[in-house]
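These notes are about the structure you will find just below.
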Amino acid sequence: MANVFDVAKYILQKEGSISTWKLQKLCYYSQAWALAWTGKPLFSEDFQAWRNGPVCPELFQKHKGMYFVSEDIFSDADTDKLADDEKETIDTVLASYGDMEPYELRAQTHAEDPWKNARGNLDDMTSCTNVITKNAMGEYYGSL
């Protein structure tokens, strides 16, 4: 199975240098739609319901302190671990979400049940590390 870094590198190969916010959301939507369409995750790492939307902590640690990232920071990642159908899923996500600005992706995730339900009654400014479960992602996006 691929990991989140393999997916991030694949996205950056397709999109070029992008903001870390956008990379996080594109990885999130790639995982969400893979779960919705196939019932299988692209990678095992989880997302948490942070203030600015879904964030994968392992991915965050890799780009912490950076605003923009390119595929260069993922030199040990291997996009060949992604099967053709997984790459197709990511390509479809990029076609749908790739032109959106980071703040638009943030607003969109804030309006969707997986992030909202993981945060519970917390306001947008309160820190939160609650996991957005893969089950919640697959059910919600699978119902759209």
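The values are calculated or read from the model by the stated rules, or taken from the named source; none is laboratory data. Because the structure is a prediction, the values reported are computed rather than measured. We place every Cβ from the backbone using ideal geometry, glycine too, and count neighbours over all the protein chains shown. Ligands, DNA and RNA are stripped out before the accessible areas are found, and what is left, the full protein with its side chains, is counted by its heavy atoms. Shrake-Rupley method; radii C 1.70, N 1.55, O 1.52, S 1.80 Å.
Across the protein chains, with a 1.4 Å probe defining accessible surface, the residues 80, 124 rank 80, 124 from largest area downward.
Taking every protein chain into account, the accessible area of the chain amounts to 49 square angstrom per residue (probe 1.4 Å). Taking amide H as placed 1.01 Å from N in the peptide plane, residue 130 has its amide H under 5 Å from the amide H of 49, each at least 5 places away in sequence or on another chain.
The count of lysine pairs in the chain whose Cα atoms are under 14 Å apart, excluding pairs fewer than 8 places apart on the same chain, comes to 10. The apolar share of the surface of segment 1-93, taken as the fraction of accessible area on carbon and sulfur atoms (1.4 Å probe, ligands and nucleic acids excluded), comes to 45 percent. Shape analysis of the chain yields a ratio of the Cα radius of gyration to the Kirkwood radius, Rg/Rh, of 0.93.
The fraction of accessible area contributed by carbon and sulfur in segment 101-144 is 48 percent, rounded to a whole number (1.4 Å probe; ligands and nucleic acids excluded).
Projecting label points 7 angstrom from Cα along Cα→Cβ for residue 84 and residue 40 puts them 1.5 nm apart. The phi torsions of segment 59-72, fed into the Karplus equation with coefficients 6.51, -1.76 and 1.60 and a -60° offset, translate into couplings of 5, 4, 4, 6, 10, 3, x, 9, 9, 10, 9, 10, 4, 4 Hz, rounded to whole numbers, with Gly and Pro shown as x. Ordering 47, 26, 3 by the projection of their Cα atoms onto the charge dipole of the chain, which places +1 on the Cβ of Lys and Arg and -1 on the Cβ of Asp and Glu, puts 47 at the extreme positive end. Under the rule of -39500 (n - 2.57) per DSSP H run of 4 or more residues, summed and divided by the residues of the chain, what mean residue ellipticity at 222 nm is obtained, to the nearest 500 deg cm²/dmol? Counting only the DSSP helices, I get -16000 deg cm²/dmol.
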